[in-house]
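**Student:** The structure is given below, and queries will be raised subsequently.
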Amino acid sequence: MSVRVRFAPSPTGFMHVGNARTALFNYLFARHHGGKFVLRIEDTDVERHNEEAVKVIYEALRWMGLNWDEGPDVGGPYGPYRQSERLDIYREFIDKLKEKGLVYECFCTQEELDRMRKEQLERGEPPRYTGKCRNLTEEEKERLRAEGRKPVLRFKVPEDRVVKFNDLIKGEIEINSRQLGGDFVIVRSNGMPVYNFVVVVDDALMKITHVIRGEDHISNTPKQILLYEALGFEPPQFAHLPMILGPDRSKLSKRHGSTSVREFKEKGYLPEAFVNFLALLGWYPKDGKEILSMDELIEKFDIKEVNSAPAVFDTTKLNWMNQVYIRNYPIDKLTDLIIPYLEKAGFDLSQFDREWLEKVVEVTREYFTVLSDAPTYMEVFLKDDFEVEPQAKELISEDPNRLKVIELFLEKLENLEGELSSDSFKRLVKEVGKELGVKGKNLFMPIRIGLTGRMSGVELPVLVELLGKERVLRRLKNSLSKIK
Ligand code: GLU
């Protein structure tokens, strides 16, 4: 039987990293086994027809490079792939359960349910639906309907049954049906079927072989297994992925910083680094290699090796990985990704040619952690009429020789025959030092300040070679006018 897995997000307008990791593990599993990766939009619980929220899902998956074989946009043999378009299908299976006498209408109001719960808790019992409406007569139902009550549909949970499944990650799991909270709702009073029911119908009809999802769903699985049985379907294999925790070991949330895929994208994490990082949240390849391309992840990924203990989201590690990827990324692709950040920071890039810009990216990228750092480190190459830092001004004013260094260097540069290279630059600096009798910091710092307005930064020979003589002259004059 060939592998078929699905990623089944609700369109909430937000793709949490936990969901992104679930999608990735499903994708890796499918690709590793040469199977199919299905995208299904679960929109019976949320406001329907929310196109924007569905786009957020597409955008996140595409950015991560997780292409799906079947889904709402690409179709497939078991569509439609949006639950809101499958309501007729669900109705058919609800009718089946009705015919078998496995469901019943429940008219209890929220107040009644709350009271039931409160009394159970007071008696020290676990809260559960008591089955109060299980045996209503037709007359009683009529009377309740006449009161204007709208019933929900509950599934009759068999008494005292042991539900067992072998989770590929968590191992053997067993639960008594008495612990499931009583007969559970499968259709709401507004007629909308509920997640636990539709997920079973869909996974069965879509011939899903493995359900790989977050551990937060583990308590739903026994209920779903009972529904598989009731509907006469064979249950799939289950694999529940460990939770993702923040560094303080509480569930990862906004308190810990960014949690949505879009935020990571916007900060300037490379999709390859992000994917690589997520893959190691709960899984680790046997050989211990950490930097892995998508192809390597697909080749090495083994669901049975996924750790059952929670995974900690370590931003320091993500940052380290992103740096590794930035340093090794093809320069043209990296430049394409950086340009929007520079434009957003207000740089007019029309005055620079592409080849030159790529060279600047080449010499600065080792300083970036995320792409949004690029403007900070590239500014020194892009802006000639910079301000001189107050500390730098002070340093120059402390010793008259320091100003002379800048002035003499300017004079020598004006008289330089030919282009300014890193070699000719070094030669000129040496001459200035000799003539004024200064060396070391007293020589290099004023030159740095003259060229950049700052006291630290990139290597000057690299900088001047990329700037060329005209721009260096402009900069020296700019600094002098601002220091004096
Ligand atoms: N729509 C559910 C969610 O987003 C899917 C759970 C499942 O994979 O069964 O959590």
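**Student:** Quick check on the range 423-435. Is at least one of its residues open to solvent by less than 50 Å² (accessible area, probe 1.4 Å) and closer than 30 Å to F274 by Cα?
**Tutor:** No: the range 423-435 contains no residue that is open to solvent by less than 50 Å² (accessible area, probe 1.4 Å) and closer than 30 Å to F274 by Cα.
**Student:** Six or more apart or on different chains, Cβ under 6 Å: which pairs go from a residue in the range 313-324 that's farther than 11 Å from K267 by Cβ and modelled with pLDDT of 95 or more to one that's part of a helix (DSSP H, G or I) and open to solvent by less than 40 Å² (accessible area, probe 1.4 Å)? Could you list them?
**Tutor:** Between residues of the range 313-324 that are farther than 11 Å from K267 by Cβ and modelled with pLDDT of 95 or more and residues that are part of a helix (DSSP H, G or I) and open to solvent by less than 40 Å² (accessible area, probe 1.4 Å), the close pairs are M321/A273; M321/N276; M321/F277.
**Student:** Of all residues in the range 37-54, which are free of Cβ contacts under 8 Å to residues at least 40 places away in the same chain and away from the ligand (no atom under 12 Å from the Cβ)?
**Tutor:** Answer for the range 37-54, where residues must be free of Cβ contacts under 8 Å to residues at least 40 places away in the same chain and away from the ligand (no atom under 12 Å from the Cβ): F37, E47, R48, H49, N50, E51, E52.
**Student:** Counting residues that are within 16 Å of the ligand (Cβ to nearest atom) and surrounded by 15 or more Cβ atoms within 10 Å (Cβ to Cβ), which helices (runs of 4 or more DSSP H) fully inside the range 211-289 reach at least 1?
**Tutor:** The helices (runs of 4 or more DSSP H) meeting that bar are 221-231, 261-267.
**Student:** Mind listing whichever residues of the range 169-203 are closer than 18 Å to S10 by Cα, more than 14 Å from the ligand (Cβ to nearest atom) and part of a strand (DSSP E or B)?
**Tutor:** Once the filter is applied, which keeps residues that are closer than 18 Å to S10 by Cα, more than 14 Å from the ligand (Cβ to nearest atom) and part of a strand (DSSP E or B), the range 169-203 yields I186, V187.
**Student:** Right, next: Only residues that are open to solvent by less than 20 Å² (accessible area, probe 1.4 Å) and either part of a loop (DSSP other than H, G, I, E, B) or within 10 Å of the ligand (Cβ to nearest atom) (or both): list them for the range 9-22, please.
**Tutor:** If the condition is that a residue be open to solvent by less than 20 Å² (accessible area, probe 1.4 Å) and either part of a loop (DSSP other than H, G, I, E, B) or within 10 Å of the ligand (Cβ to nearest atom) (or both), then P9, P11, M15, G18, T22 are the ones that fit.
**Student:** Could we say that L113 is under 30 Å from H240 (Cα atoms), hydrophobic (A, V, I, L, M, F, W, C) and modelled with pLDDT of 95 or more here?
**Tutor:** no
**Student:** Within the range 116-129, is even one residue assigned to a loop (DSSP other than H, G, I, E, B), under 22 Å from S189 (Cβ atoms), open to solvent by 70 Å² or more (accessible area, probe 1.4 Å) and not aromatic (F, W, Y)?
**Tutor:** Looking for residues that are assigned to a loop (DSSP other than H, G, I, E, B), under 22 Å from S189 (Cβ atoms), open to solvent by 70 Å² or more (accessible area, probe 1.4 Å) and not aromatic (F, W, Y), one finds at least one in the range 116-129, hence yes.
**Student:** Among the numbered criteria (1) modelled with pLDDT of 95 or more; (2) surrounded by 13 or more Cβ atoms within 10 Å (Cβ to Cβ); (3) more than 30 Å from L349 (Cβ to Cβ), which one does I406 miss?
**Tutor:** Unmet for I406, out of (1) modelled with pLDDT of 95 or more; (2) surrounded by 13 or more Cβ atoms within 10 Å (Cβ to Cβ); (3) more than 30 Å from L349 (Cβ to Cβ): (3).
**Student:** Out of everything in the range 361-385 that is in a helix (DSSP H, G or I), out of contact with any Ser or Thr (no Cβ under 9 Å at 6 or more places or on another chain) and aliphatic (A, V, I, L, M), what residue ends up being farthest from T452 (Cα to Cα)?
**Tutor:** Top of the filtered list is L371.
**Student:** Mind listing whichever residues of the range 163-202 are touching a Pro at 6+ places or on another chain (Cβ under 6 Å) and within 30 Å of L24 (Cβ to Cβ)?
**Tutor:** V163, I175
**Student:** Between a first residue in the range 380-399 that is within 15 Å of R475 (Cβ to Cβ) and a second residue that is outside any helix (DSSP H, G or I) and among the basic types (K, R), which pairs have beta carbons less than 7 Å apart while being 6 or more apart in sequence or on different chains?
**Tutor:** E389/R454; A392/R454
**Student:** Output the residue which, of all residues in the range 174-203 that are within 14 Å of G131 (Cα to Cα) and among the hydrophobic types (A, V, I, L, M, F, W, C), is most open to solvent (accessible area, probe 1.4 Å).
**Tutor:** My answer is V185.
**Student:** Only one of (1) touching a Phe, Trp or Tyr at 6+ places or on another chain (Cβ under 9 Å); (2) more than 16 Å from the ligand (Cβ to nearest atom); (3) among the acidic types (D, E) is not met by E142, so which one is it?
**Tutor:** (1)
**Student:** Taking the conditions exactly as written (of a type outside the set (G, A, S), surrounded by fewer than 15 Cβ atoms within 10 Å (Cβ to Cβ) and either assigned to a helix (DSSP H, G or I) or in contact with an Asp or Glu (Cβ under 9 Å, 6 or more places away or on another chain) (or both)), does P340 satisfy them or not?
**Tutor:** Answer is yes for this residue.
**Student:** Given the criterion more than 23 Å from the chain's Cα centre (by Cα), of a type outside the set (D, E) and at pLDDT below 95, identify the matching residue among T44, T12.
**Tutor:** T44
**Student:** Would you please list the contacts, defined by Cβ atoms under 9 Å and residues six or more apart or on different chains, that run from a residue in the range 337-353 that is closer than 18 Å to L270 by Cα to a residue that is of a type in the set (F, W, Y)?
**Tutor:** These pairs meet every condition: L337/Y329; I338/F368.
The values are calculated or read from the model by the stated rules, or taken from the named source; none is laboratory data. Model, not experiment: these values are computed from the prediction. Using ideal geometry, Cβ is built from the backbone for each residue, glycine included, and neighbour counts are taken over all protein chains shown. Ligands, DNA and RNA are excluded from the accessible area calculation, which covers all protein heavy atoms including side chains. Shrake-Rupley method; radii C 1.70, N 1.55, O 1.52, S 1.80 Å.
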